[in-house]
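Following: one structure in structure tokens, then a few remarks.
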Amino acid sequence: MAEEVILLDFWPSTFGMRARIALREKGVHFDLREEELLSNKSPLLLQMNPVHKKIPVLIHNGKPVCESHIIVQYIDETWGPESPLLPSDPYERACARFWVDYVDKKISPGGRAALRLAGEAQEAGKKEFIEGLKVMEGELGDKAYFGGERFGFLDVSLIPFYSRFYAVETLTGCSIGEECPKLVGWAKRCMQRESVAKSLPDEHKVYDFMLEFRKKLQAQ
């Protein structure tokens, strides 16, 4: 019996991109089902994630897995053991999980504020976003990827935010390339991977989406 792999997603979601990249890194064929989160959530999404009612949700043979970092770890443990995303060493695994948690608690909120808010709140969000990226650039150092020469869990978790760099720069007047040149170099290196290039949306499309989303927020 063939495996059924479904991913409930929303195209501009950085968290959904993580699942897409991980699945493609492992060569897993999946049915990508786009959710209309700004209007009506599908009955399948509400059934598969009744607690949070949000994407991404990975459905593997009818069983749901929720939360992006948990999904990526599930994918890593389920498919392609010869090409692991997480390090084999327990301490290195713990460090990778720490930095993904940092991305979720520092970089994600800052970027969200920079894109959605205005005035002082936007400026504060931009500052938090840039500061978080600088910390990650320090962690990257001169390595090709965060784990060294191997593209891994932390790379999968951070690279989706590259799709928002143009929107943040355009809306706030900053230059991430000037602030974090090594990190931008890393991002461009990641974009050469088919799994990443296929999973990240066009930066101009993301910018246009954020403009429309801001208008809707302001109209509320």
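For Lys143, are the conditions met, namely being modelled with pLDDT of 95 or more, of a type in the set (Lys, Arg), over 13 Å from the mean Cα position of the chain (by Cα) and part of a loop (DSSP other than H, G, I, E, B)? Walk me through how you get there before you give the answer.
Values: modelled with pLDDT of 95 or more: yes; of a type in the set (Lys, Arg): yes; over 13 Å from the mean Cα position of the chain (by Cα): yes; part of a loop (DSSP other than H, G, I, E, B): yes.
In short, yes.
Considering only the range 102-123, how many residues are free of Cβ contacts under 8 Å to residues at least 12 places away in the same chain, part of a helix (DSSP H, G or I), open to solvent by 60 Å² or more (accessible area, probe 1.4 Å) and not basic (Lys, Arg)?
Looking only at that region, the number is 1.
Consider only pairs whose beta carbons are under 6 Å apart and that are at least six residues apart or on different chains; among these, list those whose first residue lies in the range 130-149 and is within 20 Å of Phe165 (Cβ to Cβ) and whose second residue is β-branched (Val, Ile, Thr) and not in a loop (DSSP other than H, G, I, E, B).
Gly132/Ile107
Check Val196 against each of (1) touching a helix residue (DSSP H, G or I) at 6+ places or on another chain (Cβ under 8 Å); (2) open to solvent by 40 Å² or more (accessible area, probe 1.4 Å) and name the one condition it does not meet.
With respect to (1) touching a helix residue (DSSP H, G or I) at 6+ places or on another chain (Cβ under 8 Å); (2) open to solvent by 40 Å² or more (accessible area, probe 1.4 Å), Val196 is out only on (2).
Return the residues of the range 50-66 that are closer than 19 Å to Asp104 by Cα and open to solvent by 60 Å² or more (accessible area, probe 1.4 Å); say none if nothing qualifies.
Of everything in the range 50-66, those that are closer than 19 Å to Asp104 by Cα and open to solvent by 60 Å² or more (accessible area, probe 1.4 Å) turn out to be His52, Lys53, Lys54.
Condition first: surrounded by fewer than 21 Cβ atoms within 10 Å (Cβ to Cβ), touching a residue at least 12 places away in the same chain (Cβ under 8 Å) and in a loop (DSSP other than H, G, I, E, B). Can you find one or more residues in the range 159-173 that meet it?
Scanning the range 159-173, I find no residue that is surrounded by fewer than 21 Cβ atoms within 10 Å (Cβ to Cβ), touching a residue at least 12 places away in the same chain (Cβ under 8 Å) and in a loop (DSSP other than H, G, I, E, B), so the answer is no.
When the residues of the range 187-208 are narrowed to those that are more than 15 Å from the chain's Cα centre (by Cα) and part of a helix (DSSP H, G or I), which ends up farthest from Ser13 (Cα to Cα)?
Here the answer is Arg189.
If you check Asp9 against the conditions, is it touching a residue at least 12 places away in the same chain (Cβ under 8 Å), exposed (fewer than 15 other Cβ atoms within 10 Å of the Cβ) and among the acidic types (Asp, Glu)? Talk me through it step by step, then tell me what you get.
Working: touching a residue at least 12 places away in the same chain (Cβ under 8 Å): yes; exposed (fewer than 15 other Cβ atoms within 10 Å of the Cβ): no; among the acidic types (Asp, Glu): yes.
Here the answer is no, as Asp9 does not meet what is asked.
Go through the range 26-49 residue by residue and tally those that are open to solvent by 50 Å² or more (accessible area, probe 1.4 Å) and under 11 Å from Ile75 (Cα atoms). Don't jump to the end; show me each part of the working.
Step one: list which residues in the range 26-49 are open to solvent by 50 Å² or more (accessible area, probe 1.4 Å), which gives 27, 29, 31-34, 36, 38-41, 43, 46-47.
Checking the rest, the ones that are also under 11 Å from Ile75 (Cα atoms) come to 27.
Summing the residues that are open to solvent by 50 Å² or more (accessible area, probe 1.4 Å) and under 11 Å from Ile75 (Cα atoms) in the range 26-49 gives 1.
Name every residue in the range 174-192 that is in contact with a Lys or Arg (Cβ under 9 Å, 6 or more places away or on another chain) and open to solvent by 30 Å² or more (accessible area, probe 1.4 Å), in order of residue number.
Of everything in the range 174-192, just one residue is in contact with a Lys or Arg (Cβ under 9 Å, 6 or more places away or on another chain) and open to solvent by 30 Å² or more (accessible area, probe 1.4 Å), namely Glu179.
Kindly indicate whether Lys127 is surrounded by fewer than 19 Cβ atoms within 10 Å (Cβ to Cβ), of a type outside the set (Ser, Thr, Tyr) and within 20 Å of Gly177 (Cα to Cα). Let's see the steps before the verdict.
Values: surrounded by fewer than 19 Cβ atoms within 10 Å (Cβ to Cβ): yes; of a type outside the set (Ser, Thr, Tyr): yes; within 20 Å of Gly177 (Cα to Cα): yes.
Yes: the conditions hold for Lys127.
Take the residues of the range 142-158 that are surrounded by fewer than 17 Cβ atoms within 10 Å (Cβ to Cβ) and acidic (Asp, Glu): which is nearest to Asp89 (Cα to Cα)?
Glu149
The values are calculated or read from the model by the stated rules, or taken from the named source; none is laboratory data. Remember, it's a predicted structure, so these values are computed and weren't measured experimentally. Reconstructed Cβ throughout: ideal geometry from the backbone, glycine too, with neighbour counts over all protein chains shown. Ligands, DNA and RNA are excluded from the accessible area calculation, which covers all protein heavy atoms including side chains. Shrake-Rupley method; radii C 1.70, N 1.55, O 1.52, S 1.80 Å.
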